[in-house]
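The values are calculated or read from the model by the stated rules, or taken from the named source; none is laboratory data. What you see is a predicted model, and the numbers here were worked out from it, not measured in a lab. Note: ideal-geometry Cβ built from the backbone for every residue, glycine included; neighbour counts use all protein chains shown. Please note that ligands, DNA and RNA were not included when accessible areas were found on the heavy atoms of the full protein model with its side chains. Shrake-Rupley method; radii C 1.70, N 1.55, O 1.52, S 1.80 Å.
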Amino acid sequence: MSEEAYSLQGRVYHTIRERILNGQYSDGEELRELTIGKELGVSRTPVREALRQLDLEGLVRIVPNKGAYAVGITREDVFDIYEMRARLEGFCARMACRRITAQQLEEMEEVILLSKFQEKKQNIEQLVILDSRFHEILFEAGQSKMLKHLLKNLHQYVHSVRKRSLSSGDRAEVSTLEHEQIMLAIRDKDEDRADLLATTHIRNSMSHIRDLQSRSEQNESNP
């Protein structure tokens with residue numbers, strides 16, 4: 001496959017993947033090659049290859065002689081992802097204590113300061129972006145290609161859930177304070193504390209999401 005063709009297929013793959021993860025394609029929705037190709041200005045071939053790749057990833061279900069269908073992230077998937085993130089990000093924070101650069105640590109501090117500023121303005125869109133950037137720096141600071149790849153994928157899978165969580169109650173403010181404590185532990189090269197704080201941060205996020213879903217279910221059962 002030529003570099004140009006590979007780049008095209010990659011663009012199509014990432015676009016479809018993002019649409020599934022952010023809910024633009026609903027669970028069970030048919031993904032028509034011709035329609036998507038027209039929307040993206042490409043032929044059916046890169047769309048077909050992207051759908052096959054997403055089928056292997058579990059985000060698309062291809063039914064022979066029928067078509068391809070989006071597979072949403074279920075409630076159980078979300079909690080599985082958060083449990084995996086908790087274990088992996090704790091280890092990543094431990095690695096970051098040994099490997100973070102001065103530039104990465106400076107950027108991490110800047111992200112925290114910007115987050116506090118955006119909290120005062122209640123700018124959720126920017127807070128979500130900054131939240132993602134903090135975790136990206138953490139993944140990069142661990143300096144493990146495989147760990148970074150795994151964590152970035154898990155982080156992306158729950159983008160819409162994270163956005164909903166950060167926009168409710170005081171979770172955004174608490175999350176920033178937790179980020180700050182993780183950063184301080186990494187700066188102090190305290191591996192045990194950094195591991196514990198990063199693990200706790202993800203599990204606190206998971207608990208907040210559980211509470212949100214419980215309240216939502218109660219509201220639905222008591223209209």
Which whole-number value in Å² is the accessible area per residue of the range 20-62, probe 1.4 Å? 58 Å²
Counting Lys +1, Arg +1, Asp -1, Glu -1, what net charge surrounds Gln118 among other residues with beta carbon under 13 Å of its beta carbon? -1
Helix 44-57: inclination vs the chain longest Cα principal axis, degrees, rounded to 10, gives 50 degrees
Can you tell me the alpha carbon radius of gyration of the range 110-190 divided by the globular rule-of-thumb value 2.2 N^0.38 Å? 1.10
Mind checking the per residue accessible area of the range 133-220 for me, 1.4 Å probe, whole number of Å²? 50 Å²
Ignoring ligands, DNA and RNA, please state the percent of accessible area on the chain from carbon and sulfur, probe 1.4 Å. 49 percent
What's the angle, to the nearest 10 degrees (0 to 90), between helix 171-187's Cα axis and the longest principal axis of the chain? 60 degrees
Extent along principal axes [Cα atoms of the range 20-91; Å; largest to smallest]: 43, 21, 21
Can you give the direction-averaged projected area of the convex hull of the alpha-carbon atoms in the range 1-120, in nm²? 11.5 nm²
Give me the one-decimal Kirkwood hydrodynamic radius in Å for the chain, with the sum taken over alpha-carbon pairs. 19.0 Å
Once the in-chain neighbours fewer than 8 apart are removed, the aspartates and glutamates whose Cα is under 13 Å from Lys66 read Glu29, Glu30, Glu33
Cross-link partners of Lys152 among lysines (Cα-Cα below 23 Å; sequence separation of 8 or more within a chain): Lys163
